[in-house]
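One structure below.
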Amino acid sequence: METLVVLIPLLLLAGSAISGILALAKTRGHEVPDRAISWIACTGPVLAFLFTVLIFNNMGEGQVLVAGYDWILAGGAWIKAGFAVDHLTMVMLMVVTGVGSLIHVYSTGYMKGDGGYARYFCYLNLFMFFMLVLVMANSLLLLFVGWEGVGLCSYLLIGFWWADEAKARAGMKAFLVNRIGDAGFLLGMLAIYKTAGTLNFQDLRTFVAGNPEAFLQGSGFFGVSLATASCLLLFLGATGKSAQIPLYVWLPDAMAGPTPVSALIHAATMVTAGVYMIGRMNFLYALSPTSMIVVSLVGALTAFFAGTIAMTQFDIKKVLAYSTVSQLGYMFIAAGLGAVSVAVFHLVAHAFFKACLFLGSGSVIHAMDGEQDMRKMGGLQRKMPITFITMAVSALAMAGIPPLAGFFSKDEILWKAFSSELGHGWFLWLLGIAAAFCTAVYMGRLIFMTFFGSCRADEKTRAHIHESPKSMTGVLAVLGVGAAVIGFLNVPHFLGGHAAFSHYVDSALMAAGEEPLAAETGSVAVELSLALLSVMVAFAGLMLAWRWWVKDPSLPATYVDRYPEVYELVHDKYRVDEFYQGAIVEPLENVADGTLYKAIDRKGVDGAVNGMARAFRWLGARLASAETGNVRTYVAVMIAGILLVMLSLLT
Amino acid sequence: MTWEDTKSLMPLLGPFLAALAILVVGGRKERGPNPLLPLLALAGFGWTLVGVGCLWPLEGAHDAFAGGLRLDGLGLVVALLVSLGGAACTLLSVDYLKRRGRNLPEFYVLVLFSALGMMVMGMSTNWLSLLLGLETMSLALYVLCGFLRDETRSVESSIKYFLTGSFASGLFLFGMGLLYGGTGSFEFRDLGGAMLDAQSQPLIVVGVGFLLAGFLFKIGAAPLHMWLPDVYEGAPTPITGFMATGVKVAAFAAVIRVLSEIYQHEHVGLRDVLWWIALITMIVGNVAALAQTSVKRMLAYSSIAHAGYLTIALVVMRGAVGENGAIDFSGSLAARAILYYLLAYLVANMGAFGVLSYLEKQGGKGLAYEDLAGLGFKHRFLGLVLSVFALSLAGIPGTAGFVGKFLVFGSAVDAGVGTADSSFVLLAVLGILNSLVGLYYYLRVLIQLYAKPLAEDASTRGAPLVGMGTGLVIVASFIGTLWWGFGADFLNLGFGVEPAMRMMQGALATLR
Amino acid sequence: MEPSVLVSLLIVLGLAAAIPVVMVILGRAFGPKRPTEVKYSVYECGLEPPVDARRRFTVKFYEVAVLFVVFDVEVAFLFPWALLFKKSSGFLFFGEMIVFLGILGVGLFYVIKRGALEWE
């Protein structure tokens, strides 16, 4: 079993290496058939999925599989690099390898004929390797390695079509924004290490259970406790990776990459890493109510704002990108309430319907010859029936129509928010239900604009429209079915289910006899009526979308005309990008390029020193006969520096 | 001096004898490349490596030259790192000099002597042997910088280095003199106690200040960094790589020895000064590197920034005094961080300069960012390894550079959290922010490699095939960068993160 | 450190800097300036230099000079060694000097082989 655990990521690494070598061979002019690359690239993920299933079947209740070796000697103790697989990891493994395999298969169709076919699969396999490292890591440090690795691969894949300047730039943006979060993550990790002396999850949990007071002492930073400080720092990392306020700006731009990449990395797996991490560190967050409030509030706000933005976008992938941001917000609401299993359940459900939507949109874009603007689509349902049906099912699932997956997962989150004992629960619920309305509207809008009405494409494109090859539609079908039925894994008690999924995940996170963090208050009747309410909201949203974009397509324009400022603001994504550009990026560039370098290192220091040098020269009159140029400056700076050192040493 | 002493000199003998042998074999009037000479130089470095391998693990320490040199764990690590760097430099130079038509025996002799000086510096226990090592190293490097004597920039580099460097040596000597006046001794070990003596304190403090200035000059810390970019840019590229790494190794090892004595008698003022120097150095290095257009010059400024990160660890370093006055820093995360960081920096930097030395054209051209445009697709392997080196220098997890940075920043946090004094943690935070800034210019390399179309004239560029020496260095650095970042010692070869960590820890156990 | 020490140190520093400055300023301010052609000519008791003093000499002069200095200074180490020889432990002491001279010998060998001592 332990061997299997180690084998899973190694399979992907090997796949990546072989694809890389093939890519190299190809540029050297060797003939490498695409078919061979497809087989090699898909073998890794599929085998990994089979192994995962094998492990899943053989894993005992509450068993944790561990494999590892000594890595870094920090302080007096070794940090082990190793894998630990428990139920939470198991779920993530299922998602990553399962959805990953499907997307690999889909990619063989989607990327057919691309010049960088082998390179693409090299990156994609490498991405899965790092993602597996991330979810299987037994310590925060190794998790961070995976965390950075997936970021790097996502950067490579966003900028995959490197010839396009804008796309390369998008990759850059993703990487830089993420590094801001990562700085927080690193600091949080160091603080935890200092306090507990370990970064191993199992040891950390034991430590926190044994002496929580160590984490409750002040951090010496605005009077917050160490637990709060480290949790918030880790969360900063999560907002970067999982695209939450304030660091979500990179995700929409990241849509520049190939669509399967958007589906795998920017919807199903990588962006959920933040949720996974908070779930993993649940025991620490439990010590800090403040940080939990922050997490859930940020999640709720993101869910709402991203939802409103999604309603105004016309690029089909941008809509999906903002909807991803919004859905991730839901997961953070649950994670912040301590309901990890609920968050993870939404994560799984989301992986299915959002992957399906992305791959479906890929299929549409493929058919439309690269067109992504929904205003130029329409009436595609006849021409692409499978794409239409699977996407429609997924959209309904996401909107929260029972009995599809999204209904169960989202309703559970709203219920947790409403029933939580925390004072701000009602506020979270309100934002959540508002976001749910937005979800229904923009999902309806997407489906209606794309598949209904008359086709708005030009003649040439219209002739090109066709259903995608089997490798693509087959995957869509599998994901669509998943989006439809996966909700039954976690039918809540009030509907007569057993919440099997939640029990499975919770058993990994709770010590024996421990109760889930988010204690529930409220009765079955309230729960039922709330569920009905959210279903009604979802239907209302869909109805509105139907009215606006199918029945009377001129209606939205009238509303836009009536409130132009509001529309513009939302359509421009609240101008956050512009704000960041103006307030942070440009000043930084100016400071780096203009002020600091030119003024201080060249003008300031050189100027002052030249002045001093001139003074020396004037004093020394004709003593200096050899013109040594700048060296004099250097020595003068040295002297000034030494004087400074002396002065500070003497005082 | 006894026979016992000579045994401990074994690691030093390699480069020394090799240098003499090259002088004998290569000293002839008709000038021309002789393939035997680089092999001799490599044999010299190989001797040292074998010597280190035989002596490790070292029980206690061996003294030589009446205690002037001390062969202990730290000395062995210095010998190991320097000879790795020297061997890499030699291998790179063969191809590099061949292309420049300057493949002369003296080059290898000087590389060997400078390496010898570095090792002596890292093993010295008194000011005299320290100065001896420092000068042996520096004089050889002055000449090496100007070895491409037909190129103005190379000569300029040499002259600048010589002028500023001899000034720094003067400071160093002056500091030594003051210290001798204050303590009546040349030994490091008499320094700490003497600092407590009120009467001689002014002399000693001023002396330590001058010495510090000398060290700071050698590692290129602000405000004594001004010479560095010009010198690094003009010097032959393999030498730049060797200077950036070897000199740092030697100087930091010597600083660890000196500070381990001073810190025995907590001298707060020194930590404060170093605190500011670390900060200023990081900022100057990173900010100036942002504005560079040449990759080689960027790496020069980034070398200043790395000196700043390393200085952070110097600020927070703490050790224990064991029985009978032995100084044990094996428990000090910071000291270990310095050694590991140096290892990581060595491999990534030699690799990066190796790639640059291959790309460089006559007159130091071909090293602007634009010249890298699209190369990631033309030279797949070079692009890949250069990216990995850049990422390691930037400190991305999975590479050796990350482990180094993690240890350095971790040691600062470790020293600061839980104490009333927040300055250490603040320094760690500032360091992390700085490394974020640093990421920007390292990423520009990657962007050029992969996100820009191949330059127009690239097809006509017709660079020669990577020579065997260069290739070997690049591949070895590549493996080292990844393996020392993440590698497990599965096969028990003593190669990987864990054995290196153990070595660094053991190296610091017997500083006195 | 005592503040008083520091103050006196600063005073000395200040004086050291001020004196030349004041001297030069005083000289500039009060010194009479009556330049004539004669005053600007080369100093009277010297000879007119036939060529520029900063012309280039052949490098061989420097080579010989440097080599002389190197070997001459190194040999000076023999004196203290000779004085201590009687009190020494004998063979090892002798051996050390042999090694030292051997190194010098290699240097000399290199110099000769390299042709640094040949004038033409």
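The values are calculated or read from the model by the stated rules, or taken from the named source; none is laboratory data. Model, not experiment: these values are computed from the prediction. Cβ placement follows ideal geometry from the backbone for every residue including glycine, while neighbour counts extend to all protein chains displayed.
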Report every pair of residues separated by at least 6 positions or lying on different chains whose Cβ atoms are under 8 Å apart, first residue within the range B:331-343 and more than 13 Å from every other protein chain (Cβ to nearest Cβ), second hydroxyl-bearing (Ser, Thr, Tyr) and surrounded by 24 or more Cβ atoms within 10 Å (Cβ to Cβ).
B:342/B:245
Residue B:146 being over 22 Å from the mean Cα position of the chain (by Cα) and not hydroxyl-bearing (Ser, Thr, Tyr)
no
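Listed here are the residues, each with its yes/no results for (1) within 12 Å of another protein chain (Cβ to nearest Cβ); (2) over 30 Å from residue B:16 (Cβ atoms).
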{"site": "C:39", "(1), (2)": "no, yes"}
{"site": "C:53", "(1), (2)": "yes, yes"}
{"site": "C:60", "(1), (2)": "no, no"}
{"site": "C:77", "(1), (2)": "no, no"}
{"site": "C:81", "(1), (2)": "no, no"}
Just wondering, is there one or more residues in the range B:252-265 that are touching a strand residue (DSSP E or B) at 6+ places or on another chain (Cβ under 7 Å), in a helix (DSSP H, G or I) and away from chain A (no Cβ under 13 Å)?
yes
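Table: residues versus (1) at pLDDT below 90; (2) out of contact with any strand residue (DSSP E or B) (no Cβ under 6 Å at 6 or more places or on another chain); (3) not aromatic (Phe, Trp, Tyr).
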position	(1), (2), (3)
B:108	no, yes, no
B:115	no, yes, yes
B:119	no, yes, yes
B:137	no, yes, yes
B:141	no, yes, yes
B:156	yes, yes, yes
B:165	no, yes, yes
B:195	yes, yes, yes
B:209	yes, yes, yes
Within the range B:206-245, count every residue that is touching a residue at least 40 places away in the same chain (Cβ under 8 Å) and in a helix (DSSP H, G or I).
27
In the range C:63-92, residue nearest to the chain's Cα centre (by Cα) [restricted to those that are more than 29 Å from residue C:113 (Cα to Cα) and surrounded by 10 or more Cβ atoms within 10 Å (Cβ to Cβ)]:
C:81
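So which residues in the range B:48-93 are in a loop (DSSP other than H, G, I, E, B) and surrounded by fewer than 19 Cβ atoms within 10 Å (Cβ to Cβ)?
Listed by number, the residues that qualify are B:56, B:57, B:59, B:60, B:66, B:67.
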Subset of the range B:263-317 (residues that are surrounded by fewer than 24 Cβ atoms within 10 Å (Cβ to Cβ) and not hydrophobic (A, V, I, L, M, F, W, C)):
B:263, B:264, B:265, B:266, B:267, B:269, B:271, B:272, B:292, B:293, B:294, B:297
Tally up the residues in the range B:409-442 that are facing another protein chain (nearest Cβ under 7 Å), in contact with a Lys or Arg (Cβ under 9 Å, 6 or more places away or on another chain) and touching a residue at least 12 places away in the same chain (Cβ under 8 Å), please.
5
Considering only the range A:429-450, I want to know if a residue exists there that is outside any helix (DSSP H, G or I) and either touching a residue at least 60 places away in the same chain (Cβ under 8 Å) or over 18 Å from residue A:393 (Cβ atoms) (or both).
no
Residue A:275 versus (1) buried (at least 23 other Cβ atoms within 10 Å of the Cβ); (2) at pLDDT below 85; (3) away from every other protein chain (no Cβ under 14 Å): which is the lone unmet condition?
(2)
Search the range A:148-159 for residues that are facing chain B (nearest Cβ under 7 Å) and pair each with any residue that is of a type in the set (Ser, Thr, Tyr) when their beta-carbon atoms are under 9 Å apart and the residues are at least 6 apart or on different chains.
A:159/B:450
Which residue pairs have Cβ atoms under 6 Å apart, sit 6 or more places apart or on different chains, and have a first residue in the range A:240-259 that is within 16 Å of residue A:182 (Cα to Cα) and of a type in the set (Val, Ile, Thr) and a second that is at pLDDT 80 or above and crowded, with 24+ Cβ neighbours inside 10 Å?
A:245/A:302
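For every residue, the table says whether it meets (1) away from chain B (no Cβ under 12 Å); (2) assigned to a helix (DSSP H, G or I).
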{"residue": "A:193", "(1), (2)": "no, yes"}
{"residue": "A:228", "(1), (2)": "yes, yes"}
{"residue": "A:247", "(1), (2)": "yes, no"}
{"residue": "A:253", "(1), (2)": "yes, yes"}
{"residue": "A:261", "(1), (2)": "yes, yes"}
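One line per residue, one yes/no per condition, for (1) surrounded by 10 or more Cβ atoms within 10 Å (Cβ to Cβ); (2) at pLDDT 90 or above; (3) closer than 30 Å to residue A:650 by Cβ:
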residue: C:3; (1), (2), (3): no, no, yes
residue: C:8; (1), (2), (3): yes, no, yes
residue: C:22; (1), (2), (3): yes, yes, yes
residue: C:33; (1), (2), (3): no, no, no
residue: C:37; (1), (2), (3): no, no, no
residue: C:46; (1), (2), (3): no, no, no
residue: C:50; (1), (2), (3): no, no, no
residue: C:61; (1), (2), (3): no, no, no
Inside the range A:311-354, can you point out the residues that are more than 27 Å from residue A:234 (Cα to Cα) and either at pLDDT 90 or above or in contact with a strand residue (DSSP E or B) (Cβ under 8 Å, 6 or more places away or on another chain) (or both)?
A:314, A:315, A:316
Need the failing condition index for residue A:9 against (1) over 26 Å from the mean Cα position of the chain (by Cα); (2) within 14 Å of chain B (Cβ to nearest Cβ); (3) crowded, with 21+ Cβ neighbours inside 10 Å, just the number.
(1)
Those residues of the range C:94-104 that are more than 10 Å from every other protein chain (Cβ to nearest Cβ) and of a type outside the set (Val, Ile, Thr) come to a total of 5
Quick check: is even one residue across the range B:165-185 out of contact with any Ser or Thr (no Cβ under 8 Å at 6 or more places or on another chain) and either of a type in the set (Lys, Arg) or in contact (Cβ under 8 Å) with a residue 60 or more places away in the chain (or both)?
no
Using the structure shown, decide if residue A:327 is assigned to a loop (DSSP other than H, G, I, E, B), closer than 28 Å to residue A:536 by Cβ and not assigned by TED's automatic domain parsing to the domain that holds residue A:501.
no
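Take residue B:391 and decide whether it is surrounded by 22 or more Cβ atoms within 10 Å (Cβ to Cβ), at the interface with chain A (Cβ under 10 Å from one of its Cβ atoms), of a type outside the set (Ser, Thr, Tyr) and within 21 Å of the chain's Cα centre (by Cα).
So residue B:391 fits the description; yes.
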Restricted to the range B:470-512, and to residues that are free of Cβ contacts under 8 Å to residues at least 12 places away in the same chain and part of a loop (DSSP other than H, G, I, E, B), which residue is nearest to the other protein chains (Cβ to nearest Cβ)?
B:488
Criterion (surrounded by 16 or more Cβ atoms within 10 Å (Cβ to Cβ), hydrophobic (A, V, I, L, M, F, W, C) and farther than 19 Å from residue A:102 by Cα) met by exactly one of A:23, A:41
A:23
Could you look through the range B:436-448, keep only residues that are crowded, with 24+ Cβ neighbours inside 10 Å and not β-branched (Val, Ile, Thr), and pick out the one that is farthest from the chain's Cα centre (by Cα)?
B:446
Search result, residues across the range A:54-97 that are within 14 Å of chain B (Cβ to nearest Cβ) and β-branched (Val, Ile, Thr):
A:72, A:79
